[in-house]
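One structure is given here, and the rest of the page talks about it.
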Amino acid sequence: MAQTGQLTQAPAALPGLSRVTLLRIAIVLTILVVWEATAASGLLFRDVVPSLVVIVRALWNLLFEPDFYWHLGVTAGEVGTALLIGGLAGLAVGIALGANRFLSQAFEHFLYYLGPTPKIIFFPVMIMWFGVGSGSKVAMGTISCFFPIALSVAAGMRQIDQVLIRVGRSFRANTWQMVTKVYLPAMRAPIINGVRLGLGVAIIGTLLAETKLSNRGVGFLIINSYSTFNMPRMYSLLIVVFVLAIGANAVVSRLGNLEAIKTR
(Lines give C-alpha, C1' and ligand atoms only; values in the text may rest on other atoms or scores of the structure.)
Protein backbone atom coordinates (compact mmCIF):
# COMPACT_ATOMS: atom_id res chain seq x y z
CA MET A 1 0.00 0.00 0.00
CA ALA A 2 1.17 3.48 -0.76
CA GLN A 3 2.10 5.60 2.20
CA THR A 4 -0.29 8.32 3.26
CA GLY A 5 0.48 11.65 1.63
CA GLN A 6 2.81 10.16 -0.96
CA LEU A 7 2.21 11.57 -4.41
CA THR A 8 1.45 8.99 -7.05
CA GLN A 9 2.48 9.45 -10.64
CA ALA A 10 -0.36 9.89 -13.08
CA PRO A 11 -0.46 7.14 -15.71
CA ALA A 12 0.49 8.11 -19.22
CA ALA A 13 -2.45 8.58 -21.56
CA LEU A 14 -0.86 6.75 -24.49
CA PRO A 15 2.64 5.28 -24.88
CA GLY A 16 4.95 7.68 -26.71
CA LEU A 17 2.51 10.60 -26.76
CA SER A 18 2.78 13.53 -24.39
CA ARG A 19 -0.20 15.45 -23.04
CA VAL A 20 0.72 18.41 -25.25
CA THR A 21 0.72 16.21 -28.37
CA LEU A 22 -2.62 14.70 -27.40
CA LEU A 23 -4.09 18.18 -26.89
CA ARG A 24 -2.86 19.26 -30.32
CA ILE A 25 -4.37 16.19 -31.93
CA ALA A 26 -7.66 16.85 -30.12
CA ILE A 27 -7.73 20.45 -31.38
CA VAL A 28 -7.12 19.38 -34.98
CA LEU A 29 -9.77 16.66 -34.79
CA THR A 30 -12.27 19.10 -33.28
CA ILE A 31 -11.69 21.57 -36.10
CA LEU A 32 -12.18 18.85 -38.71
CA VAL A 33 -15.37 17.61 -37.06
CA VAL A 34 -16.80 21.14 -36.82
CA TRP A 35 -15.89 21.78 -40.47
CA GLU A 36 -17.55 18.57 -41.65
CA ALA A 37 -20.64 19.24 -39.54
CA THR A 38 -20.92 22.75 -41.00
CA ALA A 39 -20.57 21.38 -44.53
CA ALA A 40 -23.28 18.78 -43.91
CA SER A 41 -25.67 21.21 -42.18
CA GLY A 42 -26.32 23.34 -45.26
CA LEU A 43 -26.30 26.53 -43.19
CA LEU A 44 -24.01 28.26 -45.69
CA PHE A 45 -24.25 28.52 -49.46
CA ARG A 46 -23.41 25.36 -51.38
CA ASP A 47 -19.66 24.68 -51.72
CA VAL A 48 -18.70 27.65 -49.53
CA VAL A 49 -17.71 25.09 -46.90
CA PRO A 50 -17.30 21.90 -48.94
CA SER A 51 -16.97 18.47 -47.40
CA LEU A 52 -13.52 17.30 -46.39
CA VAL A 53 -13.88 14.41 -48.83
CA VAL A 54 -14.39 16.85 -51.69
CA ILE A 55 -11.40 18.95 -50.58
CA VAL A 56 -9.16 15.88 -50.33
CA ARG A 57 -10.24 14.81 -53.81
CA ALA A 58 -9.44 18.27 -55.15
CA LEU A 59 -6.07 18.20 -53.38
CA TRP A 60 -5.29 14.82 -54.91
CA ASN A 61 -6.12 16.09 -58.39
CA LEU A 62 -4.07 19.23 -57.79
CA LEU A 63 -0.95 17.28 -56.87
CA PHE A 64 -1.07 15.47 -60.22
CA GLU A 65 -1.32 18.64 -62.32
CA PRO A 66 2.02 19.46 -64.00
CA ASP A 67 1.05 23.13 -64.38
CA PHE A 68 0.62 23.46 -60.63
CA TYR A 69 4.29 22.73 -60.00
CA TRP A 70 5.30 25.34 -62.55
CA HIS A 71 3.20 27.95 -60.74
CA LEU A 72 4.59 26.73 -57.41
CA GLY A 73 8.12 27.13 -58.73
CA VAL A 74 7.37 30.70 -59.79
CA THR A 75 6.09 31.60 -56.34
CA ALA A 76 8.96 29.80 -54.58
CA GLY A 77 11.48 31.68 -56.71
CA GLU A 78 9.86 35.01 -55.96
CA VAL A 79 9.68 34.32 -52.22
CA GLY A 80 13.27 33.04 -52.11
CA THR A 81 14.60 36.06 -53.99
CA ALA A 82 12.61 38.44 -51.79
CA LEU A 83 13.87 36.76 -48.62
CA LEU A 84 17.47 36.91 -49.85
CA ILE A 85 17.34 40.60 -50.76
CA GLY A 86 15.21 41.69 -47.82
CA GLY A 87 17.15 39.49 -45.40
CA LEU A 88 20.55 40.84 -46.37
CA ALA A 89 19.27 44.42 -46.33
CA GLY A 90 17.59 43.89 -42.96
CA LEU A 91 20.73 42.29 -41.57
CA ALA A 92 22.91 45.21 -42.66
CA VAL A 93 20.49 47.84 -41.39
CA GLY A 94 19.93 45.99 -38.11
CA ILE A 95 23.66 45.75 -37.41
CA ALA A 96 24.15 49.44 -38.23
CA LEU A 97 21.30 50.52 -35.95
CA GLY A 98 22.31 48.22 -33.13
CA ALA A 99 25.96 49.25 -33.24
CA ASN A 100 25.43 53.01 -33.50
CA ARG A 101 23.31 54.79 -30.90
CA PHE A 102 22.96 57.93 -33.04
CA LEU A 103 21.65 56.00 -36.05
CA SER A 104 19.31 54.03 -33.79
CA GLN A 105 17.79 57.17 -32.26
CA ALA A 106 17.50 58.83 -35.66
CA PHE A 107 16.04 56.04 -37.80
CA GLU A 108 14.79 53.10 -35.74
CA HIS A 109 11.49 54.80 -34.90
CA PHE A 110 10.71 54.92 -38.62
CA LEU A 111 11.08 51.14 -38.78
CA TYR A 112 8.72 50.69 -35.82
CA TYR A 113 6.15 52.97 -37.45
CA LEU A 114 6.41 51.52 -40.96
CA GLY A 115 6.77 47.88 -39.86
CA PRO A 116 3.08 47.27 -38.98
CA THR A 117 1.86 49.22 -42.03
CA PRO A 118 0.08 46.93 -44.55
CA LYS A 119 2.65 46.61 -47.33
CA ILE A 120 -0.01 46.07 -49.98
CA ILE A 121 -0.51 49.85 -50.11
CA PHE A 122 2.92 50.07 -51.74
CA PHE A 123 1.97 47.66 -54.52
CA PRO A 124 0.91 50.35 -57.05
CA VAL A 125 4.31 51.97 -56.56
CA MET A 126 6.03 48.62 -57.03
CA ILE A 127 4.14 48.10 -60.28
CA MET A 128 5.24 51.49 -61.60
CA TRP A 129 8.85 50.83 -60.61
CA PHE A 130 9.24 47.15 -61.52
CA GLY A 131 6.38 46.40 -63.92
CA VAL A 132 3.64 43.79 -63.75
CA GLY A 133 5.98 40.79 -63.90
CA SER A 134 7.84 39.00 -61.15
CA GLY A 135 9.79 42.13 -60.23
CA SER A 136 6.87 43.77 -58.45
CA LYS A 137 6.07 40.54 -56.57
CA VAL A 138 9.68 40.18 -55.43
CA ALA A 139 9.65 43.83 -54.36
CA MET A 140 6.52 43.27 -52.28
CA GLY A 141 8.06 40.25 -50.59
CA THR A 142 11.31 42.15 -50.01
CA ILE A 143 9.70 45.15 -48.36
CA SER A 144 7.54 42.83 -46.26
CA CYS A 145 10.39 40.76 -44.79
CA PHE A 146 12.85 43.64 -44.41
CA PHE A 147 11.27 45.18 -41.31
CA PRO A 148 11.02 42.15 -38.97
CA ILE A 149 14.55 41.07 -39.81
CA ALA A 150 16.02 44.55 -39.33
CA LEU A 151 14.26 45.11 -36.01
CA SER A 152 15.14 41.64 -34.72
CA VAL A 153 18.82 42.07 -35.61
CA ALA A 154 18.94 45.56 -34.09
CA ALA A 155 17.50 44.21 -30.83
CA GLY A 156 19.93 41.29 -30.92
CA MET A 157 22.89 43.64 -31.33
CA ARG A 158 22.05 45.30 -28.02
CA GLN A 159 21.98 41.93 -26.25
CA ILE A 160 25.54 40.97 -27.22
CA ASP A 161 27.85 40.64 -24.25
CA GLN A 162 30.06 43.72 -24.21
CA VAL A 163 33.00 41.56 -23.18
CA LEU A 164 32.91 39.88 -26.59
CA ILE A 165 32.93 43.24 -28.33
CA ARG A 166 35.82 44.51 -26.26
CA VAL A 167 37.79 41.33 -26.96
CA GLY A 168 37.25 41.76 -30.69
CA ARG A 169 38.36 45.35 -30.57
CA SER A 170 41.37 44.48 -28.44
CA PHE A 171 42.54 42.19 -31.27
CA ARG A 172 42.07 45.16 -33.64
CA ALA A 173 39.44 43.36 -35.69
CA ASN A 174 38.13 45.36 -38.62
CA THR A 175 34.43 45.87 -39.33
CA TRP A 176 34.06 42.74 -41.46
CA GLN A 177 35.82 40.60 -38.86
CA MET A 178 33.67 42.03 -36.06
CA VAL A 179 30.52 41.21 -38.03
CA THR A 180 31.52 37.67 -39.01
CA LYS A 181 33.44 36.64 -35.89
CA VAL A 182 31.56 38.45 -33.11
CA TYR A 183 28.19 39.90 -34.10
CA LEU A 184 26.70 37.11 -36.21
CA PRO A 185 27.68 34.17 -33.93
CA ALA A 186 26.40 36.05 -30.88
CA MET A 187 23.09 36.94 -32.58
CA ARG A 188 22.19 33.50 -33.91
CA ALA A 189 18.84 33.27 -32.11
CA PRO A 190 17.59 36.79 -33.00
CA ILE A 191 18.62 36.28 -36.62
CA ILE A 192 16.81 32.93 -36.86
CA ASN A 193 13.68 34.44 -35.29
CA GLY A 194 13.86 37.39 -37.69
CA VAL A 195 14.24 35.09 -40.69
CA ARG A 196 11.27 33.00 -39.55
CA LEU A 197 9.10 36.09 -39.21
CA GLY A 198 10.46 37.51 -42.45
CA LEU A 199 9.73 34.29 -44.32
CA GLY A 200 6.10 34.35 -43.21
CA VAL A 201 5.45 37.94 -44.24
CA ALA A 202 7.43 37.46 -47.47
CA ILE A 203 5.06 34.63 -48.43
CA ILE A 204 2.06 36.78 -47.52
CA GLY A 205 3.33 39.80 -49.46
CA THR A 206 4.19 37.77 -52.55
CA LEU A 207 0.88 35.88 -52.61
CA LEU A 208 -1.10 39.09 -52.13
CA ALA A 209 0.74 40.68 -55.03
CA GLU A 210 0.05 37.63 -57.20
CA THR A 211 -3.67 37.79 -56.42
CA LYS A 212 -3.85 41.43 -57.46
CA LEU A 213 -2.13 41.45 -60.83
CA SER A 214 -0.55 38.31 -62.21
CA ASN A 215 -1.10 35.41 -64.58
CA ARG A 216 1.20 32.96 -62.82
CA GLY A 217 2.06 31.78 -59.34
CA VAL A 218 0.10 30.11 -56.56
CA GLY A 219 -1.58 33.42 -55.67
CA PHE A 220 -2.95 33.62 -59.21
CA LEU A 221 -4.27 30.06 -58.95
CA ILE A 222 -6.00 30.87 -55.66
CA ILE A 223 -7.72 34.00 -56.90
CA ASN A 224 -8.64 32.26 -60.18
CA SER A 225 -10.28 29.41 -58.26
CA TYR A 226 -12.17 31.95 -56.17
CA SER A 227 -13.30 33.87 -59.26
CA THR A 228 -14.68 30.69 -60.85
CA PHE A 229 -16.19 29.62 -57.51
CA ASN A 230 -14.17 26.43 -57.45
CA MET A 231 -14.03 26.33 -53.67
CA PRO A 232 -12.60 22.81 -53.24
CA ARG A 233 -9.64 23.71 -55.46
CA MET A 234 -9.15 27.00 -53.61
CA TYR A 235 -9.09 25.25 -50.24
CA SER A 236 -6.67 22.63 -51.55
CA LEU A 237 -4.32 25.39 -52.71
CA LEU A 238 -4.53 27.05 -49.31
CA ILE A 239 -3.68 23.74 -47.64
CA VAL A 240 -0.61 23.35 -49.86
CA VAL A 241 0.57 26.88 -49.02
CA PHE A 242 -0.04 26.27 -45.33
CA VAL A 243 1.90 22.99 -45.29
CA LEU A 244 4.81 24.39 -47.31
CA ALA A 245 5.04 27.48 -45.07
CA ILE A 246 5.16 25.28 -41.96
CA GLY A 247 7.80 23.08 -43.58
CA ALA A 248 9.99 26.02 -44.59
CA ASN A 249 9.69 27.50 -41.09
CA ALA A 250 10.66 24.17 -39.54
CA VAL A 251 13.69 23.88 -41.85
CA VAL A 252 14.92 27.36 -40.89
CA SER A 253 14.50 26.54 -37.20
CA ARG A 254 16.26 23.17 -37.56
CA LEU A 255 19.19 24.72 -39.43
CA GLY A 256 19.56 27.26 -36.65
CA ASN A 257 19.58 24.53 -34.02
CA LEU A 258 22.14 22.45 -35.94
CA GLU A 259 24.41 25.45 -36.32
CA ALA A 260 24.16 26.15 -32.59
CA ILE A 261 25.11 22.53 -31.80
CA LYS A 262 28.15 22.67 -34.10
CA THR A 263 29.51 25.79 -32.44
CA ARG A 264 29.32 24.36 -28.90
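The values are calculated or read from the model by the stated rules, or taken from the named source; none is laboratory data. Remember, predicted model here, so these are calculated numbers, not experimental data. FYI the Cβ positions are ideal-geometry reconstructions off the backbone, even for glycines, and counts take in every protein chain you see.
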Hey, any hits in region 236-253 for a residue that's crowded, with 16+ Cβ neighbours inside 10 Å and polar (S, T, N, Q)? yes
Test: residue in region 190-202 that is at negative phi, of a type in the set (G, A, S) and surrounded by fewer than 20 Cβ atoms within 10 Å (Cβ to Cβ): yes
Only one residue in W60, W70 is within 30 Å of S144 (Cα to Cα) and at pLDDT 85 or above. Which one? W70
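Here's the yes/no breakdown for (1) touching a Gly at 6+ places or on another chain (Cβ under 8 Å); (2) part of a helix (DSSP H, G or I); (3) modelled with pLDDT of 90 or more:
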position	(1), (2), (3)
T21	no, yes, no
V28	no, yes, no
V79	yes, yes, yes
L84	no, yes, yes
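Of the residues I192, I204, I239, only one is aliphatic (A, V, I, L, M), under 16 Å from L91 (Cα atoms) and in contact (Cβ under 8 Å) with a residue 40 or more places away in the chain; which? Don't jump to the end; show me each part of the working.
Values: I204 fails: under 16 Å from L91 (Cα atoms); I239 fails: under 16 Å from L91 (Cα atoms).
Within the list I192, I204, I239, the selection yields I192.
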For region 126-178, enumerate the residues that are surrounded by fewer than 21 Cβ atoms within 10 Å (Cβ to Cβ), aromatic (F, W, Y) and either in contact (Cβ under 8 Å) with a residue 40 or more places away in the chain or farther than 25 Å from G77 by Cα (or both). F171, W176
